[in-house]
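Working notes for the structure below.
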Amino acid sequence: MPPGPLSDTELADLPPTTVPRSEWTPGYRARRRFRSHDIVPWSAQDIRQTRIVEIDADLFFHHYAKLMEWLIPLHHSVPPLGEWRDDLVDESKVRDLMESAPWEILAAKIDPLTFRGRGWFRRMMQLYAFYEDEHLQAYWDFTHAFPVSIAKRRASRYLDAFYTDRKQRRPRAGARGKSFLQEVLIGLLRGYCDLDLLLDPFFLHFPRPGEVGAWYPGIEDGADPADLLGALAISDGNHYRDVPEDHPALGIARLPGKFVSSSS
């Protein structure tokens, strides 16, 4: 169980941070009013209605920890077969793709933007590193889940096992992610950070249901890949781990060093 909220005295005794806690998102004990452009990408309406002391594990995981459309867009309609290369999805090409371990691109480490690896943050980083290493392939699946038809699964034991394993990875990652978020909730309640921690490029993004997860190889205009590896080379969806300089968090002025002690 996370610890209880800090008293006013305990909160006041914490070392000051680059962005004062009086400006954190949301307010710790009192609800605060925000202008929408000051707390992008959060919903000002949602944030105005809550306080840190009111956030429990269930609310945190289901409502705040999976920010809709932060890094992953919403689903569009499923394209007809003629608009993408279903012929690329066969046992040989899927084997070649999996043997290349394309999810390893997500293992590229990005330095924290909002904090430094000291004290509680150091422990949190260690816990997250274990979690990420264990579920890296699931995070790759979130943006690269290409369709495998029932007919193809029936015709190939390999494709059937591949499809089943992929379906099982998301709930396993979600369950372990919820356990990790208990530690983040401790950080919120102890006054070490606010919800903006979840925007830090240091973390991969766990998508909500409804965000794009399907990958349709060869759907890009002018694309004519010979296999899934070729199709992957022209698709985009690596949580900015391959292009960290383009991560949208870098364009949010309040984030750099936000939780760093201003007295350090």
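FYI, it's all coordinate maths here, none of it is from the lab. Quick caveat, the model's predicted, so the values are computed rather than measured. When we count neighbours, we look across all protein chains shown, and the Cβ atoms used for this are built from the backbone with ideal geometry, even at glycine.
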**Message:** Which three extents, in angstrom, do the Cα atoms of the chain have along their principal axes, listed largest first?
**Reply:** 66, 34, 31
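The stretch 92-127: which trypsin sites (Lys or Arg not before Pro) are DSSP loop and have at most 12 other beta-carbon atoms within 10 angstrom?
Working: sites: K93, R95, K109, R116, R118, R122, R123; in loops: K109, R116, R118.
Listed in order of number, the matching sites are K109, R118.
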**Item:** Long-range HN-HN contacts of T17 with modeled amide H, under 5 Å
**Value:** S262
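Tell me what the chain gives for mean residue ellipticity at 222 nm when only DSSP H runs of n ≥ 4 count, each as -39,500 (n - 2.57), the sum divided by the residue total, rounded to 500 deg cm²/dmol. Display every interim value, and only then the final one.
Working: 8 runs with 89 residues, N = 264.
Only helices count here, giving -10000 deg cm²/dmol.
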**Complete:** Counting only DSSP loop positions in the stretch 200-252, the GluC sites (Glu not before Pro) whose Cβ has at most 16 other Cβ atoms within 10 Å are E220
**Item:** Total lysine pairs under 23 Å (Cα atoms) in the chain, excluding pairs fewer than 8 apart on one chain
**Value:** 10
**Asked** What whole number of Å gives the distance from the Cα centroid of the stretch 212-238 to the Cα centroid of the stretch 70-119?
**Response** 10
**Message:** I want the local charge near L81. Using Cβ-Cβ distances under 15 Å, sum +1 for each Lys or Arg and -1 for each Asp or Glu among the other residues.
**Reply:** -2
**Asked** Which net charge results for the neighbourhood of F162, defined as the other residues with beta-carbon distances under 15 angstrom from its beta-carbon, given Lys and Arg at +1 and Asp and Glu at -1?
**Response** +3
